Amino acid sequence: MAQAHLARAVIASAVISMTIGSIGSIGAAQAAEPFRIGVVEDLNGTYSGNGGPNSVLATKMAVEDFGGTVLGRPIEVVAVDHQTKPDLGVNLTKQLIDQNHVSMLNIGGSSGVGLAVQNVAKERKIVSIQSGNYAASIAGKACSPYGTQWAVSTTALARAAAGALVKAGAKTWFIIEADYAFGHDLANDVQQTVQADGAKVIGRTLHPLATTDMSSPLLQAQSSKAEMIAFANAGPDLVNSVKQAKEFGITNTAALLVFINNVVAMGLDTAQGLRFPVSFYWDSNDGSRAFAKRFMARNGGTAPGMSHGMSYAGTMHYLQAVAKVGSDDPVAVNKAMRELPFTEGMLRYPRIQANGSVAMDLLLVQVKTPAESKYPNDLYKVLDTVPAAELFPTAEQSGCTELQP
């Protein structure tokens, strides 16, 4: 069965592989081995809407905007489908390294897979960027000296969302958490944030990944009489949680990690009023709007979300570092990535910490009502900007012990 999964994923990688180069230098491109970037993503499953094929597109767009070549070699993007299975992700990553000779890995779609793949990349000394995996341990106790986490950590999400709600008066909390690495990290960070601000978590319950029936955890949370019910889950699990909470008449809920495709799936009638932090919103500044216009022209009008913005920004920044160093040496490239200014024009004061966490200011947004939404994908209004210094642990606080290779 594992071999069948691997075979399907390999076929997917062959279909999605793309070479981007200059038509005018075909002869040189044939002589030079391509400079390859691997995208390890959930291309068809639970989290494919959060990142998936559109993260491949965003990576491709960064390559195109960079110029299509680096170190005198055409750049090729090779995507594989990990199907949210860590063992499959590991096998495909080894194939990307051994057979495709990738210089960098863009990882998304599941923190469990992300941690496993980052560990392989660390062992093999391959640069990795985590564009769609949010577990704090990625840039914490499981960090890599060759890796950077562009997805906002669960610690920052919890501080931005739960911290604001405690200050607004929510003193007792119940947490519904997805039973895997991301859910555990987010629930732990929510609990720490809530308790640090003087409130109390009176209960927690787990649910399996990709749960369609959330009635049991919701009713358990409701019976606790907690003032706030926090969802430490994401993707379809979050969508189901919010929809079914509304059906039960539960309104005292907090969504902590919300992607724009989740809001589309819920619909504004259901999602209106939700407040949460985001690292990227397509309609928030001139740079994000320009990127989104080109992005949506190529995928049928689907707006880019956080993972797509991070795939673009992370890939562009990596290629700029390679060009500056003059090689793909992972130590030199990661050093340059921490030194180079950011030029993508979409993020707010980003900087890469010594543990690989990409700290940046976050936007606190609220989902619009149907009446407030005036054009396609006009979904959020920006309430506030939260400074990175209030959200991201320092490298010393993160638990990362491998700051240097």
> Conditions: (1) surrounded by fewer than 24 Cβ atoms within 10 Å (Cβ to Cβ); (2) assigned by TED's automatic domain parsing to the domain that holds GLN95; (3) touching a Pro at 6+ places or on another chain (Cβ under 6 Å). GLY140 meets all but one. Number of the miss?
Replying inline: (3)
> Quick one: in the range 323-345, which of the residues that are of a type in the set (Asp, Glu) and buried (at least 17 other Cβ atoms within 10 Å of the Cβ) is nearest to ASP65 (Cα to Cα)?
Replying inline: GLU344
> Would the range 346-369 turn up any residue that is assigned by TED's automatic domain parsing to the domain that holds PHE35 and either of a type in the set (Phe, Trp, Tyr) or loosely packed, with under 15 Cβ neighbours inside 10 Å (or both)?
Replying inline: yes
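Among the residues of the range 299-319, are any at pLDDT 95 or above, β-branched (Val, Ile, Thr) and in a helix (DSSP H, G or I)? Outline the logic, then answer.
Going through the range 299-319, the residues at pLDDT 95 or above turn out to be 299-319.
So of that shortlist, the ones also β-branched (Val, Ile, Thr) come out as 302, 315.
From the residues that got through so far, the ones that are in a helix (DSSP H, G or I) too are 315.
Yes, that holds for at least one residue.
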> Do we have VAL166 as without any contact (Cβ under 8 Å) to a residue 40 or more places away in the chain and either within 16 Å of ALA181 (Cβ to Cβ) or part of a helix (DSSP H, G or I) (or both) here?
Replying inline: yes
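Across the range 44-72, which residue is surrounded by the most Cβ atoms within 10 Å (Cβ to Cβ) among those that are outside any strand (DSSP E or B), of a type outside the set (S, T, N, Q) and in contact with a strand residue (DSSP E or B) (Cβ under 7 Å, 6 or more places away or on another chain)? Working first, answer last.
Filtering the range 44-72 down to residues outside any strand (DSSP E or B) leaves 44-68, 71-72.
Next, from what is left, pick out any that are of a type outside the set (S, T, N, Q): 45, 47, 49, 51-53, 56-58, 60-68, 71-72.
Now narrow it down to the ones that are in contact with a strand residue (DSSP E or B) (Cβ under 7 Å, 6 or more places away or on another chain): 51-52, 56, 60, 63-64, 68, 71.
Values: GLY51: 32, GLY52: 25, VAL56: 23, LYS60: 22, VAL63: 26, GLU64: 13, GLY68: 17, LEU71: 15.
So the residue we want is GLY51.
Of all residues being of a type in the set (S, T, N, Q) and under 19 Å from ALA58 (Cβ atoms) in the range 88-137, which is surrounded by the most Cβ atoms within 10 Å (Cβ to Cβ)? Just the residue, please.
At the first step, the residues of the range 88-137 found to be of a type in the set (S, T, N, Q) are 91, 93, 95, 99-100, 103, 106, 110-111, 118-119, 128, 130-131, 133, 137.
Then drop every residue that is not under 19 Å from ALA58 (Cβ atoms), which leaves 103, 106, 110, 128, 130-131, 133.
Values: SER103: 24, ASN106: 31, SER110: 33, SER128: 30, GLN130: 31, SER131: 31, ASN133: 27.
Residue satisfying both the conditions and the ranking: SER110.
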>> Can you report the number of residues in the range 215-259 which are β-branched (Val, Ile, Thr), touching a Ser or Thr at 6+ places or on another chain (Cβ under 9 Å) and not in a helix (DSSP H, G or I)?
In response: 2
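Every residue in the range 219-239 that is within 26 Å of the chain's Cα centre (by Cα) and either surrounded by 22 or more Cβ atoms within 10 Å (Cβ to Cβ) or not assigned by TED's automatic domain parsing to the domain that holds ALA168 (or both), please.
Quick first cut of the range 219-239, residues within 26 Å of the chain's Cα centre (by Cα) only: 228-239.
Result: MET228, ILE229, ALA230, PHE231, ALA232, ASN233, ALA234, GLY235, ASP237, LEU238, VAL239.
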> Do you know which of the residues in the range 194-240 that are modelled with pLDDT under 95 and of a type in the set (Gly, Ala, Ser) is nearest to ALA181 (Cα to Cα)?
Replying inline: ALA234
> Which of the residues spanning the range 73-95 are in a helix (DSSP H, G or I) and either without any contact (Cβ under 8 Å) to a residue 60 or more places away in the chain or over 12 Å from GLY38 (Cβ atoms) (or both)?
Replying inline: PRO86, ASP87, LEU88, GLY89, VAL90, ASN91, THR93, LYS94
> Has the range 278-287 got any residue that is without any contact (Cβ under 8 Å) to a residue 12 or more places away in the chain, touching a helix residue (DSSP H, G or I) at 6+ places or on another chain (Cβ under 9 Å), of a type in the set (S, T, N, Q) and assigned to a loop (DSSP other than H, G, I, E, B)?
Replying inline: no
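The values are calculated or read from the model by the stated rules, or taken from the named source; none is laboratory data. Predicted model, so just to flag it, every value in this text is computed and none were measured. Methodologically, a virtual Cβ is constructed for each residue, glycine included, from the backbone with ideal geometry; neighbour enumeration extends over all protein chains shown.
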